[in-house]
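Laboratory data are not the source of any read-out in this text; all were calculated from the coordinates shown. This one's a predicted model, so the numbers in the text were calculated from it and none came from an experiment. Methodologically, a virtual Cβ is constructed for each residue, glycine included, from the backbone with ideal geometry; neighbour enumeration extends over all protein chains shown.
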């Protein structure tokens, strides 16, 4: 039995070096390779499948029938081999036939074998083929054997590519289409930008995989690590924005990877197996990518992206291929294109020239998104296959709010975009002029306009847009961007900073909404807690009441931060009154304890709940007498009402916020709140759109919590509306049950010269 992954791979690589150096045909070399691997792993079968003309062809085998070589062929995705190649993932099965994708090929004689392990042969992030082993007895291959297979597969990719045995994409990947393309993605950081396409970095191509002197390779890696750490320390220390805020925590977390001993150890183990420094880094990076494909947790994926970014940086240093677009310098206004970026990578760019960022991946909680927001750089993520649809230097028009990219626009399109950009800037100036004016309707109805926030610097938007306060402060953001559970003192410091920035204006703190699709990497989850539908699962208040230590710490932090002020606390995802009662009792218990310690406390505490779960609407008459305020979270509420995942691409636009079902539901909730004299507001995307906000005012909503960018347009609409007339009109629409309320409201606004954005 092989002792360690490094020793196992090294034994095989020593023998493979002789094979690769021999003056024989590529086919003869592959025939010898399968013999060596099979013998080394004591496996009856070892086979190599290569991608030829888009299908997988059995190219060499030890143990299967030789007459199947160059005869057995499988489509990508077909059978276990096709699955490995398509997903670029490893399979390890003690009983191959039990797998749902198993495909029996009688000409191979593989019915004699039960166990199966296969790894992709990867080059340039795509599979050239598959290396697999099989055994008569049912057994799972040990980790040491899988590691050896993966290392050998990496060396094989060099042999296969040099011999041109498998399909391999052309080195020149320029897009042939020169016409205009319209692309869409995920809105990460809002804004408009015009610039020319610049690719973040050329791919580092590894020329040699097998080391001649492992100690020399180790020294190269040690030197590269030292240089990389110096670069990162310098970049994070000279960021162009403030030193306080979540983006700073992001950078500190990112720096941790540069000093992560586990990562360094894995690279050294790969060198011990006989790989060069470049190949060892790439080997560990391949493992990271495979793990990313198996991780559903977006936060863990974000951290894996940071690690891959670090690996790319280390690979460029050790290979001497340092030519990223940042280091070469931006010569004109640029739109940066990348599969993904780490936060430090973004900081390398000249902010005067960098106008926008487009990512093939990316998420709202990704570290690069947080840093880009702090820098004021618009970002559009999840733009599928962007790197294969754009040429270097192509003109790109980027409108994140419209979720649109125009690639190679016509002159007319460019002119229209410039006009829109000019109008947007002019409108922004007009909205800025409204900043100090009250949000009051023509008939004197006061509408509170508050902003949603989650970062320390978001509080600065209060003065910039003239908002009445923060109607939703998402406290979980601090938890999501931290590498470890934020200490109570750190939480308290954040809350105090936000309250101080708000001054006399209210800040409504929503207690942590984590769990479900917002899992924390440092909070262990039991196997039974893994969920098929996390948005409707063990999250928010449900999780907080179950793990009340986290909520107790947060309650104390909020109470101490708000000493001498009015504290507004709101509980998310309340389904029944008893959940609210338990949460309030928990906070009150912390208040009483602090009081016993003679701590300075808030002058008053206002307790509220979020209505996101439709069931709560049926018990509002019980709950409202205990509440100081109610906030309606329209994002989750909409998907729960329609049983439609708002993240599902085919459902995202199907259910309209101005549908009669939603508006009647909201009208009933607002009416019930008014009857109990409990203030009710809306915090969600619905309130940030002028037409939808107008409908909410027509329902009697008098408090909206929206994005800072929406405050100006919504305030302009409010000051042009007569609320009483609007309420009568909307009531008539709901009573008659018209099918298209959106067009009716739009026409009503146009008749009164109310400008809608």
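Key figures
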{"read-out": "Spin-label pair residue 353/residue 727, simplified geometry with 7 Å Cα→Cβ offset, distance in nm", "value": "5.8 nm"}
{"read-out": "Theoretical gain in end-to-end length, residue 463 to residue 415 [0.36 nm per residue, Cα-Cα removed]", "value": "13.9 nm"}
{"read-out": "Protection proxy ranking, peptides 586-597, 265-276, average beta carbon neighbours within 10 Å, highest first", "value": "265-276, 586-597"}
{"read-out": "Tail weight of P(r) past 24 Å, computed on alpha-carbon pairs of the stretch 666-757, percent", "value": "17 percent"}
{"read-out": "Spacing of the two label points (7 Å from each Cα toward its C-beta) at residue 226 and residue 190, in nm", "value": "4.9 nm"}
{"read-out": "Three-way shape label, the stretch 337-495, alpha-carbon gyration tensor, a/c 1.5", "value": "oblate"}
{"read-out": "Relative contact order of the stretch 434-751, pairs being alpha-carbon contacts under 8 Å that are 6 or more residues apart, as %", "value": "20 percent"}
{"read-out": "Three-way shape call for the stretch 400-451 based on the alpha-carbon gyration tensor, with the a/c threshold at 1.5", "value": "prolate"}
{"read-out": "Residue list for the stretch 574-591, given a label point 7 angstrom along the Cα-to-Cβ vector of residue 488 and an amide N cut-off under 16 Å", "value": "586-591"}
{"read-out": "Fraction of alpha-carbon pairs over 21 Å apart in the stretch 5-162 - percent", "value": "38 percent"}
{"read-out": "Computed Rg/Rh of the stretch 434-751, alpha carbon atoms with Kirkwood Rh", "value": "0.96"}
{"read-out": "Gained length - residue 442 relative to residue 641, 0.36 nm times residue gap less alpha-carbon distance", "value": "68.3 nm"}
{"read-out": "Virtual spin-label span in nm between residue 746 and residue 401, 7 Å along Cα→Cβ", "value": "1.7 nm"}
